[in-house]
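In what follows, a single structure is set out as C-alpha cells and then discussed.
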Amino acid sequence: MNEQAWWWPISRVDDVGAQPQAVQLLGERLVLWQTDAGGVSLLTDRCPHRGAKLSMGRVQGDVLQCPYHGWRFGEQGHCVSIPAQPGFVPPASSAVCRHAVQQAHGLWWAVLGASTARSVPGSASASALGSAGPLHPIPQLLGLPARRLIYGPFDVATSAPRAVENFLDTAHFAYVHEGWLGDALHPEVPPYEVSHTSDGRPVIERYRAWQPRASASAQDGAWVEYRYEVLSPFAALLTKQGEGEGSAQDSYVIWACPQSPGSCRLWFAQYTTDGRTPDHELRDFQLAIFAQDQPILESQEPKALPLSGGEAMSAADRLSAAYRRYLQSCGITFGVC
Ligand code: FES
Ligand SMILES: [Fe+2]
C-alpha cells in the first residue's frame, strides 16, 4: 500500500498519558502508550497470545501488560515475561509488531509496519523501502505565527480526503457557514488560479472573500485574503489575512488521520498573530465552524473521495479538482474510489 510511504498523525502529544490509547491507522488497530520513563511506543493492538486488545491493558513501569493473561511487552514489542510461566524466556515469535513514531507540530506521527531504521527521516534506509517507496517527510510549517492552538481530535464518519477537500472548498461558505465565513446574498466564487509547488502540491496564492465574521475577534464583516496550500495527501494549510491595518494573520492546518476507508480523525491547528483573544474564544469559534461542517461531511456519499469521475464539477471547484489529481499522482488508494 502506497500510504505506507507517509507519516500520519495519530495523537496529540498532550493526549498521551498513563493509560494506553487505542488508535486506528489505515485500517490497523494500534496501541499508543508511554513508559513511566517517558518512552513512547506504538504497537499492533493485538496480543500474540490470544488476540486480546493490549489497549485494554495497563502500563507497569517500562512494560505494557495484556489485560487477559498478563503477558508483558517492552517498548520494542518484545514479550519480556509470561506470568503463568515465571522462569520461561519468551521467544522472539511472541513479540508484537512495533511501528515507528516521531513527534512534530504537537502531534505524534506514525508509519505503519516500519522498523527502527525507518523512523529516521531522510536516512539511507528510509529511501529503500521496497514496495512502499521512499518515505516522505512530515510536512514542514515555515514562517507561521508563534501562538499555536490545537483543536481536536474530531472523529468524523467520512474519509480523510473528503475532510481535506472540504477544508479546501470555499463554495460552501455561503450555505454551511452563512453569517460567519459566507453570505448567502453573495455565493459566487471569484476566479482564482491554482498553481503547484515544485513537488506538485496544489496552491492558491490569493483568494479574496467577503466574510461576515471571519474570526473569533471580528466585530464586523471584512475582506479577507486567503492562501491555500496542500501539504501532503491528507493535510492542508490555509492562511487568512484581514485587510485592515493591524488585522490578525491566522493560519490553520488540517491534519487528518485516515482511520478506515470511511472514517478519519482530525486535528485543526491554528497559528495566529492575535495575542489578545483568549484561548477559549478562539477554540469556541473553531468548534462552532466545524460543528457546521461535520453533518454535511458525514452526509456525503460515497464516503470515499471519487478520483476518476462520478461527481459533477464546476469552474469554482478548480482547487478540488487539482487536489484529486494530486492524490492520484501520489498513488493514494485509501479512502478514495
Ligand atoms: S491474550 Fe494477552 S496474555 Fe493472553
Ligand atoms: Fe466549512
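Laboratory data are not the source of any read-out in this text; all were calculated from the coordinates shown. In this text, all values refer to a predicted model and were calculated from it rather than measured experimentally. Note: ideal-geometry Cβ built from the backbone for every residue, glycine included; neighbour counts use all protein chains shown.
Taking amide hydrogens as placed 1.01 Å from N in the peptide plane, the amide H of HIS78 sits under 5 Å from those of VAL96, each at least 5 positions away in sequence or on another chain. Principal axis extents of the C-alpha atoms in region 2-132 (largest first, rounded to whole Å): 43, 32, 27. Computed from backbone phi with θ = phi - 60° and the Karplus coefficients 6.51, -1.76 and 1.60, the 3J(HN,Hα) list for region 44-58 is 5, 8, 8, 5, x, 6, 10, x, 5, 7, 5, 5, 8, x, 9 Hz; x is used for glycine and proline. The relative contact order of the chain comes to 17 percent, based on Cα pairs under 8 Å that sit 6 or more residues apart.
Computed from backbone phi, the HN-Hα couplings of region 291-308 come to 5, 6, 6, 4, x, 5, 4, 6, 8, 5, 10, x, 5, 6, 8, x, 9, 10 Hz, rounded to whole numbers (Karplus: 6.51 cos²θ - 1.76 cosθ + 1.60, θ = phi - 60°; Gly and Pro given as x). In order along region 151-167, the Karplus-derived 3J(HN,Hα) couplings, from 6.51 cos²θ - 1.76 cosθ + 1.60 at θ = phi - 60°, round to 10, x, x, 10, 8, 10, 7, 8, 6, 4, x, 4, 5, 5, 4, 4, 5 Hz, and Gly and Pro are given as x. Quick query: amide H of LEU307 versus all other amide H atoms, modeled in the peptide plane; which residues come in under 5 Å with a sequence gap of 5 or more or a different chain? It is CYS337, by chain and number. Sorting VAL224, VAL164, VAL59 from the fewest to the most surrounding beta carbons within 10 angstrom yields VAL59, VAL224, VAL164.
Ordered by the count of other Cβ atoms within 10 Å of each Cβ, fewest first, PHE88, PHE73 give PHE88, PHE73. Projected over every direction and averaged, the convex hull enclosing the alpha-carbon atoms of the chain yields 18.7 nm². For region 262-320 versus region 13-47, the spacing of their alpha-carbon centroids is 26 Å.
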